[in-house]
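Below you'll find the structure, written out as structure tokens, and then a few comments.
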Amino acid sequence: MVEKERVCVTGGGGYQASWLIKLLLSKGYMVHASVRDPENLQLFKADLLDYDGLFAAIQGCNGIEIIEPAVTARRLVIVSSISAVMYNSNWPKGQPMDEFCWSDKESCQTTKYGTYSWYYVSKTIAESQALEYAKNTGLEVVTVCPSIIIGPMLQSTMNASSLFIYLMLKDVRDMAEALLLVYEKPEAEGRYICSSYRIMAKSH
């Protein structure tokens, strides 16, 4: 039997991650996911014609199957943020910001969004350090910088951040496709902006 390619998704219970997991499964990947509270989820292997299997699924069970993890990762896809791109006061006015544009600490701190400025700084630093680590180690790292993500919810409840997301523009299914594409395409490298509109330099 051919071993299916395995992909690990961190934050598996999240809004974007839930759609990415669904897409990966539909493409035939074996998915490993980390979640904060796995107690609320139970999965059982059962066939509609297998009485014993269905009975176990209905009644619940205490068995645990341990799967040996892969020793090495071939490619790491990191979800960054458009905020790591768009706060750069030195970018030429009127020129669309692209993957070569990075937010700088000074520009982030002068935004009108107060404490959120540190979120912009942290996203910029985290992404740049991940790409620098890739250069030094040879690990394949690709970052995707989405704008605000929207789309149908797979979860039964909506948290505050998702409610805020619904007020903006970015389809979660498009984002999932983007993450899968940069994972599957060997020529994908560096960083990519994932947004439904062009970003122009402006005063913040």
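From the residues in segment 141-182 that are part of a loop (DSSP other than H, G, I, E, B) and aliphatic (A, V, I, L, M), which one is modelled with the lowest pLDDT?
167
From the set of residues in segment 93-117 that are among the small types (Gly, Ala, Ser) and within 21 Å of residue 191 (Cα to Cα), which is modelled with the lowest pLDDT?
Of all residues in segment 93-117, those among the small types (Gly, Ala, Ser) come to 94, 103, 107, 114, 117.
From what's left, within 21 Å of residue 191 (Cα to Cα): 103, 107.
Values: 103: 90, 107: 75.
Going through the qualifying residues, I end up with 107.
The values are calculated or read from the model by the stated rules, or taken from the named source; none is laboratory data. Small disclaimer: the values here were computed from a predicted structure and weren't measured.
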